[in-house]
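Every number here is computed from the coordinates shown, using simple stated rules; none is lab data. This structure is a prediction, so every number in the text was calculated from the model and none was measured. Glycine also receives a Cβ, built like all others from the backbone with ideal geometry; neighbour counts cover every protein chain displayed.
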Amino acid sequence: MDQPTVEAIATFLPHDEGGRSTLLTFKSEPWYRPHIVIQDSAIRTAEVDENGMNNENYLGVEFIDGPEHLQFGHRDQYQLRLFYSPAVDYSAVIVGAEFTIREGARIVGFGTVLSRSG
């Protein structure tokens, strides 16, 4: 079964803003699989409760296409596969949904869903 895909505009944060130390490239890292959290894209820290527990809904995605030359802080269009569908509920991933890109609890980028297929 084919997993659904989304087109999104996303921005990767520079390292000094908490982002990655290196940019991904689709030639050398064709299977970049972070998580996204559907939330206001201005958020820059993980939400934890009074016990230090993270209660955010992490959704596994796979970046399957994007620009050849990336730049930190630049808005680019990407295609993402909703990697664990249908076992995981991706119903919140709809057109217009804002998200943060996560590597563990670290927010490395943010974006907005433009379209969804499947």
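Selection over segment 38-53 of residues that are free of Cβ contacts under 8 Å to residues at least 40 places away in the same chain and either in contact with a strand residue (DSSP E or B) (Cβ under 8 Å, 6 or more places away or on another chain) or closer than 25 Å to Leu114 by Cβ (or both) gives a count of 2.
Let's see how each residue does on (1) in contact with a Lys or Arg (Cβ under 6 Å, 6 or more places away or on another chain); (2) part of a loop (DSSP other than H, G, I, E, B); (3) surrounded by 14 or more Cβ atoms within 10 Å (Cβ to Cβ):
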| site | (1), (2), (3) |
| --- | --- |
| Leu24 | no, yes, yes |
| Ser41 | no, yes, yes |
| Ala46 | no, yes, yes |
| Phe63 | no, no, yes |
| Gln71 | no, yes, no |
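Listed conditions (1) in a loop (DSSP other than H, G, I, E, B); (2) over 16 Å from Arg20 (Cα atoms); (3) not hydrophobic (A, V, I, L, M, F, W, C) are all met by Thr112, apart from (1). Number of residues in segment 80-105 that are assigned to a strand (DSSP E or B) and either surrounded by fewer than 16 Cβ atoms within 10 Å (Cβ to Cβ) or without any contact (Cβ under 8 Å) to a residue 24 or more places away in the chain (or both): the value is 1.
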